[in-house]
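Reading through the structure tokens given below for one structure.
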Amino acid sequence: MSTKSILITGATSGLGLSLFDDYAAQGHQVIACGRNQQQLAAMQSKASQVCQFDMTDKLQIEGAAANVESLDILILNAGNCRYIDDAKNFDGELFADVIQTNLISLGWLLHYFLPKVKKGGQVVFVSSSATLLPFTRSEAYGASKAGMDYLANSLRLDLVKEKIDVTLIHPGFIKTPLTDKNDFPMPFLLTSEEASQRLIQAIEQRKRYAHFPKRLTLLLKFISFLPSFVWQKLILKGSH
Ligand SMILES: NC(=O)c1ccc[n+]([C@@H]2O[C@H](COP(=O)([O-])OP(=O)(O)OC[C@H]3O[C@@H](n4cnc5c(N)ncnc54)[C@H](OP(=O)(O)O)[C@@H]3O)[C@@H](O)[C@H]2O)c1
């Protein structure tokens, strides 16, 4: 197995941290990104490089990218989840914050890091199975991830001529600090270690698209094919 240069955004916590640990244990050169300085410092000995930046700040991304050389794999994993609790009194600030973090920042990450991805390399987008169906309170998170899906699928077409593959991932629920805040049942919850293994396998196989766990994602896909009045009833029933 050849050593690869792999940059992971959101490497300081949850799924990104498990990916970091797994790739570093395999002997790859891993560039860990995040905001949490203390956590990045603790990862320094295993990382080939750590990059501290807030991805909602274009200048910080530009500064971090200036110190990064060529990449085999760019994993766009960092993200945030916040819910719209009162749809009638729609929280525009919250919506803008989630779209800024999960979607707008992707444009700047691609702007500065994509030119560093080698021919034959890969870009990986960590989206969510939440985009398979609309869910209650998910207006902001779901819209940001649906935007990511379109971005990834469109980019894949345009990167064919550059010989760069794009992998889009739809994970189900994973136990991380992001979901520890959830106050609703999360069926088929995976550990971040399990999710990391599935992601790494999909990346190795250079899949265009991967979703897991199948017992959740196939069920969601099946429900999405039913008439909208049926899935609306099912979703509302499940959320009360
Ligand atoms: N957990 C799930 O069930 C689940 C399901 C489907 C999809 N996903 C997706 O998987 C990805 C990872 O989620 P997770 O569950 O591992 O969450 P997490 O434990 O909360 O980790 C989120 C990571 O994103 C980074 N991040 C957030 N905002 C940032 C910003 N403005 N600038 C730079 N870095 C930022 C955090 O870094 P710092 O703390 O250092 O700032 C952290 O490393 C997310 O995109 C999420 O939407 C998660």
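Any read-out appearing in this document is the output of simple, stated calculations on the displayed coordinates, not a laboratory observation. Remember, predicted model here, so these are calculated numbers, not experimental data. Cβ sites come from the backbone with ideal geometry, for glycine too, and all protein chains shown count toward neighbours.
Looking at the square roots a ≥ b ≥ c of the eigenvalues of the Cα gyration tensor of the range 78-218, which shape do they give, rounded for a/c under 1.5, prolate if a/b is larger than b/c, or oblate?
Note, shape of the range 78-218 comes out oblate.
To the nearest 0.05, how large is the calculated FRET efficiency for L59 and L157 if R₀ is 22 Å and r is the Cβ-Cβ distance?
Values: r = 30 Å, r/R0 = 1.37.
For L59 and L157, the calculated efficiency is 0.15.
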Round to a whole angstrom and tell me the spacing of the C-alpha centers of the range 156-226 and the range 53-110.
-> 19
With springs connecting C-alpha atoms under 10 Å apart, model the chain as a Gaussian network and identify which of V160, V98, V68 has the largest mean-square fluctuation.
-> V160
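Taking the Cα centre of the chain as the origin, how large is its charge dipole in debye, to the nearest 20, when only Lys and Arg (+1) and Asp and Glu (-1) carry charge on their Cβ atoms?
On the way: 25 positive and 22 negative charges, 171 e Å.
Roughly 820 debye, rounded to the nearest 20.
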Would you mind checking K145/K237; K118/K221; K175/K237; K116/K145; K119/K221; K58/K233 for any pair whose Cα atoms are more than 32 angstrom apart?
-> K118/K221; K119/K221; K58/K233
Based on a Kirkwood Rh over C-alpha pairs, give the Stokes-Einstein translational diffusion coefficient of the chain at 20 °C and viscosity 1.002 mPa s in µm²/s.
-> 116
Extension gain A66-F90, at 0.36 nm per residue separation less the Cα-Cα distance, in nm?
-> 4.8 nm
What percentage of all Cα-Cα pairs in the range 88-139 are separated by more than 15 Å?
-> 63
Per DSSP H run of n ≥ 4, the term is -39500 (n - 2.57); total these for the chain, divide by its residue number, and report the mean residue ellipticity at 222 nm rounded to 500 deg cm²/dmol.
-> -13000 deg cm²/dmol
Cα-projected label distance for L234 with K116, points at 7 Å along beta-carbon direction, nm = 4.3
